[in-house]
Amino acid sequence: MAERHGRRVYLETERDHPDRCRQPNQSGPVRHIISVGDFNHDGRSDILWQNSSGEAAIWEVNGTTAIAAVSLGNPGPDWHIMGTGYYNHDGRSDILWQNSSGQVVTWEMNGTSLIGSASLTNPGPTWHV
């Protein structure tokens, strides 16, 4: 079981690390549950992942079944997902990123599709969202 922001998600996880998950017999980067949000506007929480290489993915979930699992690409290991929110007020979760340099960017999402992005200010590398 993994718990993020008061919501529980049941997955096969690594021992002692409930926010890390690999598929059975998978090698390579470890996936981390970063946040949950309603990306497809169906009233159910979906899972936002980012692996240690930087790749991000969304699992759209219906109950205990993943109905879609889509990679959002890999902006690189210096970009970190900081959370989700409703930045364009369309009822679908959007993604907040921050670079190791401090740069902040939002991705406006429609399900698993990026429909817009905005670069916010760069407060510098010592400031974190």
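Taken over region 58-76, residues that are surrounded by 17 or more Cβ atoms within 10 Å (Cβ to Cβ) and closer than 14 Å to THR112 by Cβ amount to 5. In the set (1) touching an Asp or Glu at 6+ places or on another chain (Cβ under 9 Å); (2) open to solvent by 60 Å² or more (accessible area, probe 1.4 Å), VAL36 fails one condition alone, (2).
If you check ILE95, ILE67 for being assigned to a strand (DSSP E or B) and more than 17 Å from SER35 (Cα to Cα), only one passes: ILE67. For residues in region 1-57 being among the acidic types (Asp, Glu) and in contact with a strand residue (DSSP E or B) (Cβ under 8 Å, 6 or more places away or on another chain), which is modelled with the lowest pLDDT? Applying the filter and picking the extreme gives GLU3. Taking (1) assigned to a loop (DSSP other than H, G, I, E, B); (2) touching an Asp or Glu at 6+ places or on another chain (Cβ under 6 Å); (3) closer than 16 Å to VAL36 by Cα in turn, MET109 satisfies each apart from (1). Do we find that HIS89 is open to solvent by 70 Å² or more (accessible area, probe 1.4 Å) and assigned to a strand (DSSP E or B) in this structure? No; evaluated as a whole, the condition is false for this residue.
The values are calculated or read from the model by the stated rules, or taken from the named source; none is laboratory data. None of these values were measured; they are calculated from a predicted model. With ideal geometry, Cβ positions are generated from the backbone for all residues, glycine too; neighbour counts draw on all protein chains shown. Side chains included, ligands, DNA and RNA excluded: accessible areas come from the protein's heavy atoms. Shrake-Rupley method; radii C 1.70, N 1.55, O 1.52, S 1.80 Å.
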